[in-house]
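A.B. asks: Sharing a structure, written as structure tokens. Questions coming.
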Amino acid sequence: MDQSHIRNFCIIAHIDHGKSTLADRLLERTGTVSRREMAEQLLDSMDLEREKGITIKAAAARMTYAASDGQVYEYNLIDTPGHVDFAYEVSRSLAACEGALLVVDASQGIEAQTLANVYLAMSQDLRLIPVVNKIDLPHAEPERVAHELERVIGFDRDEVIFASAKEGAGIDEILEAIHVRIPRPAGDPNAPLKALIFDSKYDAYKGVVAHVRVFEGAMEGRRSLGLMQTGSTFEPLEYGIFSPQMRPLPALGCGEVGYVATGLKDVAECRVGDTITLASQPAAEPLPGYRQAKPMVFAGIYPTDSDQYQELREALSRLSLNDASLVYEPESSVALGFGFRCGFLGLLHLEIVAERLEREYGLRLLTTAPSVEYEVTTTSAEEIVVDNPAALPDPSKIAEIREPWARIDVITPSRFIGQVMELVTTRRGQFVRMEYLEAESDLAPGEARVMLEYDIPMAEILVDFYDQLKGSTSGYASLDYHVSEYRPANLVKVDILVNGIPVDALSLITHSANAHREGRQLVAKLRDLIPRQMFEVPLQAAVGGRIIARETIRAMRKNVLAKCYGGDITRKRKLLEKQAEGKKRMKRVGNVEIPQEAFMAVLRLRDE
Amino acid sequence: MTSLAVYIHIPFCTVKCGYCDFNAYAGMDRLKAGYTRALLLEIEGWREAMAGHDVTSIAFGGGTPGEMPAGDLAAIIGALRSAGTIARDAEIGLEANPGSIGPDHLCQLAAAGVNRISFGAQSFEAGELRFLDRIHSPEAIGVAVANARRAGIASVNLDLIYGLPGQSPARWRWTMVQALAQQPDHLSLYALTVEDGTILARRVQDGSVILPGPDEVADLYELASARLEESGFHQYELSNWARPGHESRHNLTYWSDGDYLGLGAGAHGYIRGERYENVAHPREYIRRLSAQPHSHRAAVAHAYRPSVATAMADWLSLGLRRTAGVDPGAFLARFGSGLYGIFGSVLGECAEAGLVEMSGERTRLTRAGRLLHGEVSVRLLLAVEESGGACPGSLSAILGPQG
């Protein structure tokens, strides 16, 4: 297809604003996928994605559209991950497009994360088509949302398309707008090959399959290809497109979107954002914007049963084939034995990985409390990076600790400004600015939406910040964040001793002003979370060897089954087996059995 | 002759108590005659298998066997006598509700050979009895005990339940004092257990019943334990106390890995290493036996042979219920491997925590360990599971001292 008839676009939408339904409708209306296939395709998608209602991995689809101008167009829809943890992946997906459908729920309006993606798209010169979706809903306020789009982003009123993906309304208008409004891909078909990798996944037969957008030149034949950032080279095994299943084609032309099977065995050699070129005739410059995926959140993953260590290693290596942003390295803990320190893009990413390891690989795992990455300058002027509280040097050896800060945007109706302010300031946040997205005069008092910007330590928003934000704004607030800088902080490590033994996996790093309170709260929480043992167990919190709090778990006194009635030994044994299963889920530290929840107790200190 | 215990399940009750999840049914009394006929057929089916065994105990449990016509129970005992050898001193016991068994009935049972009766007294507080849905009054217990004595029944047991909602140590002491005043020969004390699917479970779930915590229940146990010892009772199992010579031989069979037949609906048996369970519903039980009258397996719903590992864990866990504990030599004789090879480190840990004592001949729970039998058992179960049932020392046991 010549470039003038190609359109590459993606959909920007908040979770639940109807992105998938709209994509399904487009595939259906263009005859790419039948209704029946749609259902099957849904069944094939990852369980976790469906359960969490989010897209974890990007996907792409090519459609053929016979337009009202009598021309036939090739539409490439590039799906984008829908969660703030995957912001970099989103940016690469956007980079592969010339335009985007901006889908906003007619009853919800613009959300913070959507806005962040809009700005991202604008900075990459994407042409946006605003779509107000779900106009069929009883609470829909399409006019108000259209007005918001006008005010906040600066669309013209008549650019806005009103749609109901669920009922099929507005779909034709959207399909027409795509070829009319979104520009054709630029790029010189005769220049040396430049193709952007916006996603990749591992296939047992074809090796790493890179999802690509061809910017210059074309991909064809068997000539060796190279990756400009990692320096790897490979013989392409196959080219093709997604429709939406993989369909081989002899070539991918300039401006087209598709895949190349690389035969590479390691997804890390074929990273999102890298540029593919010809090995023999490389392009002068790679495409801009490449960034190594940078984990933000770190946690230890340990098998509860140390016999599963090798299986865990195998599972991580297989999982990371498909997920270049998952990094891991062996780690050992005095308390937990051998495991892995893993880096994640965010907490959701951590949850997904831990769940997949357990479900898909049948492992029983223990995850330690997540941590951010601290920078430490030692007294001997050495610079080290600490992503595990247990690894923080002795206070006497620390000249300075710096922690990561994030810039966050919160969008909320103005009546919740007070609550948001309070939440952010109790977490060491600093107010940056505030902007009304709607004129207050047009609306009932407190209804106008406002965007609040703060700087806040990453560690403070790591865990339950989002839930708390939702809770204190009746679910109205939305959040976007990005890491901004490292700032020095007065941080100390609080050690926890269980039965006199320091349990490194329970340590926490906290602001020194909070150390006493948090130490006390943590041992109190642990007292409730660690079941009573056969003997009394003292729990202590210490800072630099000085005990700051103490609790005692009393010895258990009663665990006995009543009579074995009428000789029913089997039933009695089943009850014991159930208890035994519970025990297996716990980690033995010294001679104390500690359940998974205890290692997460540090996350729940704020419930107090 | 190997010894054999026989358990006979009588699944009928006047009222089904809210805490009870035993195989018992109210309002099915019209099935009783057919049920007795089915039991007689089942006994007939076992005739061959019983040969060469010495029946040392017969126990009627339920349900409420005390509400079965005495003639039916006599016929069942008679059928067992004709099917096999009953030891002269065999214990023939029966569970009864103190409120629903009269003097004549007790005399007829004694005449049929019943020499042990166990009354479901449960409490001497009227309010507590109401809470438990029991149909008898506290006074009825004394009357029933006196009638049993008069009928010449040699051994009288009282079952009591503790750990009831709001039960203070003082109230529990009162029940103990009253129970001891009846001069029973044996006492079984059971902590109230919330079983899934019972009315009690629902009431606990919805918060209308609040049960005491484990520490309070432990206090009640210790209080009773001390009281009973002062009164000349000897604790021989976690929940059982007896005057000398009145230990229940039937129950000791369960804890000592002995063979027992289970007859009747939902009964459990354990014979020659196989455990089996009969169909639970009395109507289905009757149907099965009339369809296959001469097979001892007619009513069996499920049977299996525990793995060596499971058998070891059972042996040890059950044996530790006895205050006498277990004999490591007996373990070696039974399994061909040393007790401490597999369980040594777990038993050692428990000993260190003061729950187990290992002294030469016997391994037993300490006084503190008695209330933590479950904890110890779970650890034993995990230990044997981890060892994969592999028995260090078993090779030498097979090869003998020369190997």
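The values are calculated or read from the model by the stated rules, or taken from the named source; none is laboratory data. A quick note: this is a predicted structure, and the numbers were derived from the prediction, not measured. Here the Cβ is made from the backbone with ideal geometry for all residues, glycine too, and neighbour counts use every protein chain on show. Side chains are part of the model used for accessible areas, which takes the heavy atoms of the whole protein and leaves out ligands, DNA and RNA. Shrake-Rupley method; radii C 1.70, N 1.55, O 1.52, S 1.80 Å.
A.B. asks: Go through the stretch B:259-290 and give me each residue that's under 15 Å from the mean Cα position of the chain (by Cα) and either facing chain A (nearest Cβ under 10 Å) or of a type in the set (Val, Ile, Thr) (or both).
C.D. replies: B:Tyr260, B:Leu261, B:Gly262, B:Gly266, B:Ala267, B:His268, B:Gly269, B:Tyr270
A.B. asks: If you take the residues of the stretch B:300-350 that are part of a loop (DSSP other than H, G, I, E, B) and under 23 Å from A:Val560 (Cα atoms), which of them is farthest from the other protein chains (Cβ to nearest Cβ)?
C.D. replies: Looking at residues that are part of a loop (DSSP other than H, G, I, E, B) and under 23 Å from A:Val560 (Cα atoms), I get B:Asp327.
A.B. asks: From B:Gly197, B:Gly127, which residue is open to solvent by 20 Å² or more (accessible area, probe 1.4 Å) and more than 24 Å from B:Asn23 (Cα to Cα)?
C.D. replies: B:Gly127
A.B. asks: What's the total number of residues in the stretch A:469-503 that are under 20 Å from the mean Cα position of the chain (by Cα) and crowded, with 17+ Cβ neighbours inside 10 Å?
C.D. replies: Count: 6.
A.B. asks: So, B:Arg287, is that one more than 23 Å from B:Leu320 (Cβ to Cβ), open to solvent by 20 Å² or more (accessible area, probe 1.4 Å) and in a helix (DSSP H, G or I) or not?
C.D. replies: Answer is yes for this residue.
A.B. asks: Further, regarding this structure: Please enumerate the residues belonging to the stretch B:4-22 that are more than 11 Å from chain A (Cβ to nearest Cβ) and part of a loop (DSSP other than H, G, I, E, B).
C.D. replies: Answer for the stretch B:4-22, where residues must be more than 11 Å from chain A (Cβ to nearest Cβ) and part of a loop (DSSP other than H, G, I, E, B): B:Thr14, B:Val15, B:Lys16, B:Cys17, B:Gly18.
A.B. asks: Can you tell me which residue in the stretch B:200-218 is farthest from the other protein chains (Cβ to nearest Cβ), limited to those that are open to solvent by less than 20 Å² (accessible area, probe 1.4 Å) and of a type in the set (Val, Ile, Thr)?
C.D. replies: Top of the filtered list is B:Val209.
A.B. asks: Restricting to helices (runs of 4 or more DSSP H) lying wholly in the stretch B:118-231: which have 1 or more residues that are within 21 Å of the chain's Cα centre (by Cα) and either in contact (Cβ under 8 Å) with a residue 12 or more places away in the chain or closer than 30 Å to A:Lys572 by Cα (or both)?
C.D. replies: Because the criterion is at least 1 residues that are within 21 Å of the chain's Cα centre (by Cα) and either in contact (Cβ under 8 Å) with a residue 12 or more places away in the chain or closer than 30 Å to A:Lys572 by Cα (or both), the helices (runs of 4 or more DSSP H) in the stretch B:118-231 that meet it are B:138-151, B:169-181, B:214-230.
A.B. asks: To continue, here is another question. Say whether the condition of being within 19 Å of the chain's Cα centre (by Cα), more than 20 Å from A:Ala505 (Cβ to Cβ) and open to solvent by less than 30 Å² (accessible area, probe 1.4 Å) is met by at least one residue in the stretch A:297-319.
C.D. replies: Within the stretch A:297-319, one or more residues are within 19 Å of the chain's Cα centre (by Cα), more than 20 Å from A:Ala505 (Cβ to Cβ) and open to solvent by less than 30 Å² (accessible area, probe 1.4 Å).
A.B. asks: State all residues of the stretch B:316-332 that are in contact with a Phe, Trp or Tyr (Cβ under 9 Å, 6 or more places away or on another chain) and open to solvent by 30 Å² or more (accessible area, probe 1.4 Å); if no residue qualifies, say none.
C.D. replies: B:Arg322, B:Ala324, B:Ala330
A.B. asks: Collect the residues in the stretch A:364-410 that are within 30 Å of A:Thr114 (Cβ to Cβ) and either touching a Leu at 6+ places or on another chain (Cβ under 7 Å) or not hydrophobic (A, V, I, L, M, F, W, C) (or both), keeping them in residue-number order.
C.D. replies: Answer for the stretch A:364-410, where residues must be within 30 Å of A:Thr114 (Cβ to Cβ) and either touching a Leu at 6+ places or on another chain (Cβ under 7 Å) or not hydrophobic (A, V, I, L, M, F, W, C) (or both): A:Pro370, A:Ser371, A:Val372, A:Glu373, A:Glu403, A:Pro404, A:Arg407, A:Ile408, A:Asp409, A:Val410.
A.B. asks: If you scan the stretch B:219-237, which residues turn out to be of a type outside the set (D, E, K, R) and either open to solvent by 20 Å² or more (accessible area, probe 1.4 Å) or at pLDDT below 95 (or both)?
C.D. replies: B:Leu223, B:Ala226, B:Ser231, B:Gly232, B:His234
A.B. asks: If you scan the stretch B:256-274, which residues turn out to be under 23 Å from B:Ala313 (Cβ atoms) and open to solvent by 10 Å² or more (accessible area, probe 1.4 Å)?
C.D. replies: Answer for the stretch B:256-274, where residues must be under 23 Å from B:Ala313 (Cβ atoms) and open to solvent by 10 Å² or more (accessible area, probe 1.4 Å): B:Ser256, B:Asp257, B:Gly258, B:Asp259, B:His268, B:Tyr270, B:Ile271, B:Arg272, B:Gly273, B:Glu274.
A.B. asks: Going by the conditions given, is A:Val503 more than 14 Å from chain B (Cβ to nearest Cβ) and hydrophobic (A, V, I, L, M, F, W, C)? Quick ask: steps written out before the conclusion?
C.D. replies: Numbers: more than 14 Å from chain B (Cβ to nearest Cβ): yes; hydrophobic (A, V, I, L, M, F, W, C): yes.
It is true that A:Val503 is more than 14 Å from chain B (Cβ to nearest Cβ) and hydrophobic (A, V, I, L, M, F, W, C).
A.B. asks: Quick one: what pairs do we get from the stretch A:585-598, first residue closer than 17 Å to A:Gly500 by Cβ and open to solvent by 10 Å² or more (accessible area, probe 1.4 Å), second part of a helix (DSSP H, G or I) and of a type in the set (S, T, N, Q), C-beta under 8 Å, 6+ apart or different chains?
C.D. replies: Partner pairs satisfying both residue conditions: none exist.
A.B. asks: Just checking, how many residues over the stretch B:57-68 are assigned to a helix (DSSP H, G or I) and surrounded by 20 or more Cβ atoms within 10 Å (Cβ to Cβ)? Walk me through how you get there before you give the answer.
C.D. replies: First, the residues of the stretch B:57-68 that are assigned to a helix (DSSP H, G or I): B:65-67.
Of the ones still in play, those that are also surrounded by 20 or more Cβ atoms within 10 Å (Cβ to Cβ) are B:65-66.
Number satisfying all stated conditions: 2.
A.B. asks: Report yes if some residue within the stretch B:79-97 is open to solvent by 20 Å² or more (accessible area, probe 1.4 Å) and closer than 21 Å to B:Ile135 by Cα; otherwise report no.
C.D. replies: Checked the stretch B:79-97: at least one residue is open to solvent by 20 Å² or more (accessible area, probe 1.4 Å) and closer than 21 Å to B:Ile135 by Cα.
A.B. asks: Provide a single number: the residues in the stretch A:367-388 that are under 26 Å from the mean Cα position of the chain (by Cα) and either of a type outside the set (A, V, I, L, M, F, W, C) or over 17 Å from A:Val463 (Cα atoms) (or both).
C.D. replies: Count: 11.
Residue-by-condition table, conditions (1) closer than 30 Å to B:His9 by Cα; (2) in contact with a Ser or Thr (Cβ under 7 Å, 6 or more places away or on another chain); (3) open to solvent by less than 20 Å² (accessible area, probe 1.4 Å):
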position: A:Ala542; (1), (2), (3): no, no, yes
position: A:Arg554; (1), (2), (3): no, no, no
position: A:Asn559; (1), (2), (3): yes, no, no
position: A:Leu575; (1), (2), (3): yes, no, no
position: A:Gly582; (1), (2), (3): no, no, no
position: A:Val602; (1), (2), (3): no, no, no
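A.B. asks: Here is a follow-up. Would you pick out the residues in the stretch A:403-451 that are charged (D, E, K, R) and buried (at least 17 other Cβ atoms within 10 Å of the Cβ)? It would help to see each step written out before you state the result.
C.D. replies: Of the residues in the stretch A:403-451, the ones charged (D, E, K, R) are A:403, A:407, A:409, A:415, A:422, A:427-428, A:433, A:435, A:438, A:440, A:442, A:447, A:449.
Within the stretch A:403-451, A:Glu403, A:Asp409, A:Arg428, A:Glu438, A:Arg449 meet the criteria.
A.B. asks: Sticking with this structure for a sec: What about A:Ala459, is it buried (at least 16 other Cβ atoms within 10 Å of the Cβ), modelled with pLDDT under 90 and more than 25 Å from the chain's Cα centre (by Cα)?
C.D. replies: So A:Ala459 does not fit the description; no.
A.B. asks: Further question on the same structure: From B:Asp54, B:Asp29, grab the single residue that is charged (D, E, K, R), over 21 Å from B:Ala265 (Cα atoms), open to solvent by 30 Å² or more (accessible area, probe 1.4 Å) and in contact with a strand residue (DSSP E or B) (Cβ under 8 Å, 6 or more places away or on another chain). Spell out the reasoning first.
C.D. replies: Working: B:Asp29 fails: over 21 Å from B:Ala265 (Cα atoms).
Selected residue: B:Asp54, the only one of B:Asp54, B:Asp29 that is charged (D, E, K, R), over 21 Å from B:Ala265 (Cα atoms), open to solvent by 30 Å² or more (accessible area, probe 1.4 Å) and in contact with a strand residue (DSSP E or B) (Cβ under 8 Å, 6 or more places away or on another chain).
A.B. asks: Could you list, ordered by first residue, the pairs with Cβ atoms under 9 Å in which the first is in the stretch A:1-30 and without any contact (Cβ under 8 Å) to a residue 24 or more places away in the chain and in a helix (DSSP H, G or I) and the second is open to solvent by less than 20 Å² (accessible area, probe 1.4 Å) and not small (Gly, Ala, Ser), at least 6 apart or interchain?
C.D. replies: These pairs meet every condition: A:Glu28/A:Met38; A:Glu28/A:Ile171.
A.B. asks: Just to confirm my filter: which strands (runs of 3 or more DSSP E) fall fully inside the stretch A:175-244 and include at least 3 residues that are among the aromatic types (Phe, Trp, Tyr) and open to solvent by 10 Å² or more (accessible area, probe 1.4 Å)? Outline the logic, then answer.
C.D. replies: Numbers: elements: A:194-203, A:207-216, A:225-227, A:238-242.
No strands (runs of 3 or more DSSP E) qualify here.
A.B. asks: Something else about it: Out of the stretch B:353-366, which residues are under 17 Å from B:Val326 (Cβ atoms) and either open to solvent by 10 Å² or more (accessible area, probe 1.4 Å) or more than 8 Å from every other protein chain (Cβ to nearest Cβ) (or both)? Please lay out each step first, then the result.
C.D. replies: Of the residues in the stretch B:353-366, the ones under 17 Å from B:Val326 (Cβ atoms) are B:355-366.
Hits for the stretch B:353-366 are B:Val356, B:Glu357, B:Met358, B:Ser359, B:Gly360, B:Glu361, B:Arg362, B:Thr363, B:Arg364, B:Leu365, B:Thr366.
A.B. asks: Name the residues in the stretch A:117-144 that are in a helix (DSSP H, G or I), open to solvent by 10 Å² or more (accessible area, probe 1.4 Å) and of a type in the set (A, V, I, L, M, F, W, C), would you?
C.D. replies: Once the filter is applied, which keeps residues that are in a helix (DSSP H, G or I), open to solvent by 10 Å² or more (accessible area, probe 1.4 Å) and of a type in the set (A, V, I, L, M, F, W, C), the stretch A:117-144 yields A:Leu120, A:Met122.
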